[in-house]
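Shown next, in structure tokens, is the structure this report addresses.
The values are calculated or read from the model by the stated rules, or taken from the named source; none is laboratory data. Bear in mind the structure is a predicted one, so any value in this text is a computation, not a measurement. Ideal geometry is used to build each Cβ from the backbone, glycine not excepted, and the neighbour counts take in all protein chains shown.
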2 protein chains.
Amino acid sequence: MASKITAPTIDDVARQAGVSISTVSRVLNRTVPVSDEIVAKVQAAMRDLRYTPRAAARTLATARTNTLGLVLAELVGDFFSPLLHGIESVAVQNGYDLLISTAGRRGPHNQLPHSFDKHNADGLLIFAGCLNDDGVRDIHSLGVPMVLLHQMPPDNLPIPCVTIENKAATRALVEHLIVRHQRTRILLLTGEPGNEDGYWREMGYREALERYNLPTRAELIAPGHFDRRIAQATMERILRERISFDAVFTGDDEAAVGVYAALRAASLRIPEDVAVVGFDDQSLAQVLQPALTTVHVPIKQVGIQATHSLIQLLQGKQPEALTLLPTTMILRSSCGC
Amino acid sequence: MASKITAPTIDDVARQAGVSISTVSRVLNRTVPVSDEIVAKVQAAMRDLRYTPRAAARTLATARTNTLGLVLAELVGDFFSPLLHGIESVAVQNGYDLLISTAGRRGPHNQLPHSFDKHNADGLLIFAGCLNDDGVRDIHSLGVPMVLLHQMPPDNLPIPCVTIENKAATRALVEHLIVRHQRTRILLLTGEPGNEDGYWREMGYREALERYNLPTRAELIAPGHFDRRIAQATMERILRERISFDAVFTGDDEAAVGVYAALRAASLRIPEDVAVVGFDDQSLAQVLQPALTTVHVPIKQVGIQATHSLIQLLQGKQPEALTLLPTTMILRSSCGC
DNA sequence: CTGTTAGCGCCTTCAT
DNA sequence: ATGAAGGCGCTAACAG
């Protein structure tokens, strides 16, 4: 395209080194022993010519792209960086490139972004919220290797899934509020409908209340959507309606930001008037004043594990069907500790 | 690989539709008019067979990958998400995929990550801190279309560069501290050596002091490296050494987090005892207490502009050599306003 | 408007 | 240990 002088090909290298292209290919791929002498000559020729093999040609010949496709919902937030970081580290370590794509923000779709058919990547890493069950089924039926992150496969399809322990951690957190800090009217800010993390966190919340014979009041369950603005709006409404509460489980840390803002605007003190706890332990959590009590999520590990599983799949091995990464409660000051 | 049954090719579609492969290719690429009737037949066949063209084959035939390579230093921080978001939006809009790669954290390298030769991507987006001057020269001499982000090309090479206005904004910010808030001993936390943003911010700082005949004291210039931990360590040292100061320009918002922590630990009040200002306007800035006065950086725009420039380059057009995006001061409470 | 054919650059049997 | 030749799937002239 840009340069008129066509880049050197394997033929150029072969000619320059006085060998056949198969030999060049062999030193390139170390697939078969080649005499040291020739290896040296070939490598010299490659260096001279500044030769680099054309990825497309190899792919066409081998039917492997050496590329992992990453499908994400939205490239936002504190969450996404460590995840990608984890994925990237094991991908490069295993010689894979990373092709990135976002599914757009309109919620789960039933198709991949059009560029992502099975021929651009050897396998797919699919984050929750990108593909609905139909979409997952479809890709799977095409025989595309894939692993799901924070989302269970439909119909018990044998698709590896990597996610985190949500329910028990939430229950422990809410019980902490009840037992340690004598809170009885605990507000729950939910995730978006269909979000599995949100679903299990809600289950954990309900279990904790039940366990201590506290009523589950409908007016104490409201949308937070793991979003600071939505959480703030919800809190403002609840304050306006004078619904009484003495604690709030914000669903995630991002939502906690909105909760803090609303509470501060209403001159309510944290944790004296209202205890606040989040989930994720994003880097934000330590910055908030008072520092946020939350649950640590090993998000980088999620990326690492998922990528490992995918690579195992590509190697014909059988990865763990479900990897449930442990989470741990982080007590800071916003709960009253 | 995974599926034994080889995926359908253009030949299968042609056979099924009763036409030649060129015709199929034509309806695929809309390069030449095809009769409606045949278009319909071909599309039906494609749908039946669940056909998707092999990207590698097209690439080999056309010498185009339809992929943009993104070279980043580290996938961390608030900074990176909006940048990637901007890049991604214009990439997909123009039919490009995104291949991501990190250069590792060991500072600028003189080579691309090995997977990133010119044959994997049509062009490269290179973020500051990934490639040193030698590296940039090298890639450029290969004729690879590229644009630099937050980094100027060496030797006045004609490589488009997209960056932001650092110096004037910093000067205005520091002058604000001087004029509005009567600060005279203003600490500067610098970026890493070689970081261009940091360099220009330091220049702005110096100009502001000069302009108001304030001395530039060596002990008031110390490393922050745009990193909260390093900034915090530096602040702790400065407090320990009882160096006197009444304000600090933290270099960026991330460093401001460390500064806040150190000042709080020393029971110094912001802004009464020490005024603090940052740079970037990351989402953190509003979360900090007191809310951080800073400079807004249109980081998503940087991504958008850079990608536009790269695409222009790929289209043979001549993009702006240097795009300097404007920044604006955001007055919040940490400066005393 | 449609079909035929020659590559694109590399890997991979198959010989040697 | 090395060379020769076919083919991966698609596009792009070139005919018709």
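Points worth noting:
- Residue match in segment A:17-27 (condition: closer than 24 Å to A:P145 by Cβ, of a type in the set (D, E, K, R) and within 8 Å of DNA strand C (Cβ to nearest atom)): no
- The one condition in (1) away from chain B (no Cβ under 14 Å); (2) without any contact (Cβ under 8 Å) to a residue 40 or more places away in the chain; (3) among the acidic types (D, E) that A:E165 fails to fulfil: (2)
Conditions tested, residue by residue: (1) closer than 28 Å to A:I139 by Cβ; (2) more than 40 Å from the chain's Cα centre (by Cα); (3) surrounded by 17 or more Cβ atoms within 10 Å (Cβ to Cβ); (4) near DNA strand C (Cβ under 7 Å from one of its atoms).
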| site | (1), (2), (3), (4) |
| --- | --- |
| A:T31 | no, no, no, yes |
| A:D36 | no, yes, no, no |
| A:R47 | no, no, no, no |
| A:R50 | no, no, no, no |
| A:T62 | yes, no, no, yes |
| A:G69 | yes, no, yes, no |
| A:D78 | no, no, yes, no |
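- Considering residues of segment A:1-16 that are crowded, with 18+ Cβ neighbours inside 10 Å and more than 43 Å from the chain's Cα centre (by Cα) only, the residue farthest from DNA strand C (Cβ to nearest atom): A:Q16
- Across segment B:157-216, the qualifying residues are those that are part of a loop (DSSP other than H, G, I, E, B) and among the hydrophobic types (A, V, I, L, M, F, W, C), and the one among them that is nearest to B:G303 (Cα to Cα) is B:I159.
- Test: residue in segment B:92-115 that is within 16 Å of DNA strand C (Cβ to nearest atom), surrounded by 17 or more Cβ atoms within 10 Å (Cβ to Cβ) and modelled with pLDDT under 90: yes
- Candidate set from segment A:39-56 (those that are more than 14 Å from DNA strand D (Cβ to nearest atom) and among the aliphatic types (A, V, I, L, M)); member that is farthest from A:V13 (Cα to Cα): A:A44
- Residue identified as out of contact with any His (no Cβ under 8 Å at 6 or more places or on another chain) and more than 30 Å from B:A247 (Cα to Cα) among B:N166, B:N156: B:N156
- B:G129 falls short on exactly one of the conditions (1) modelled with pLDDT under 90; (2) at the interface with chain A (Cβ under 9 Å from one of its Cβ atoms), and that condition is (2).
- Only listed residue being without any contact (Cβ under 8 Å) to a residue 12 or more places away in the chain and away from DNA strand D (no atom under 11 Å from the Cβ), chosen from A:T59, A:T31, A:T6: A:T6
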